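This report concerns only the one structure given below.
The values are calculated or read from the model by the stated rules, or taken from the named source; none is laboratory data. The structure displayed is predicted, hence computed values, not measured ones. Note that we place each Cβ from the backbone using ideal geometry, even for glycine, and neighbour counts take in every protein chain shown.
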Amino acid sequence: MNLQSDDFELFGLERRFAQERSAIDARWKELQREAHPDKFAAQGAAAQRVAMQWSVRINEAYQRLKDPMRRAAYLCELHGAPINAEDNTAMPAAFLMQQMEWREALEEARAESELDALDDGVSQARRDALAHCGQLIDQQQDYAGAARQVRALMFIARFADDIERRREQLGQ
């Protein structure tokens, strides 16, 4: 193993968006077994520290690879299209209109059923955005377009969190 490898190399995966979660999980368990610090106890403290570094590196890669949005962002960055969500919040007008409609619906929601319907719509938008992101990355190699899609996914994820907070408020 090489600490300088990207996450895909580390996990022995093709550098693409479409991945089988079960393959990622299985490889993570395998790598964790290989790098577990207890396995290096007989080799001394230095070897255990290196194993601990590997374990941390493997876990960081796993967190990025298992989450489709984080995986897409990572692929964009690997291909020179950083997400820059803090600096670049430009979104297409249609997406902004959708966000405004969702916000209004969230503010007006007074029942669990209204939140469920809104949550269903947001979940569908997330699935659609992830599918589009996968197409942009794997078929079109349009990493700048995929980065825009990832920024949209980040908005969607934050809004899904807002729905859950509203659900908690209604439950009180």
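Condition check ((1) surrounded by fewer than 16 Cβ atoms within 10 Å (Cβ to Cβ); (2) without any contact (Cβ under 8 Å) to a residue 24 or more places away in the chain) across all residues:
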| residue | (1), (2) |
| --- | --- |
| D128 | yes, yes |
| Q135 | no, yes |
| Q140 | yes, yes |
| A152 | no, no |
| A157 | yes, no |
| R166 | no, no |
| Q169 | yes, yes |
| Q172 | yes, yes |
>> Let me confirm something: among R127, R110, R103, which residue is over 11 Å from A72 (Cα atoms) and in a loop (DSSP other than H, G, I, E, B)?
In response: R110
> Counting just the residues of segment 24-57 that are loosely packed, with under 14 Cβ neighbours inside 10 Å and within 24 Å of the chain's Cα centre (by Cα), which one comes out modelled with the lowest pLDDT?
Replying inline: Q53
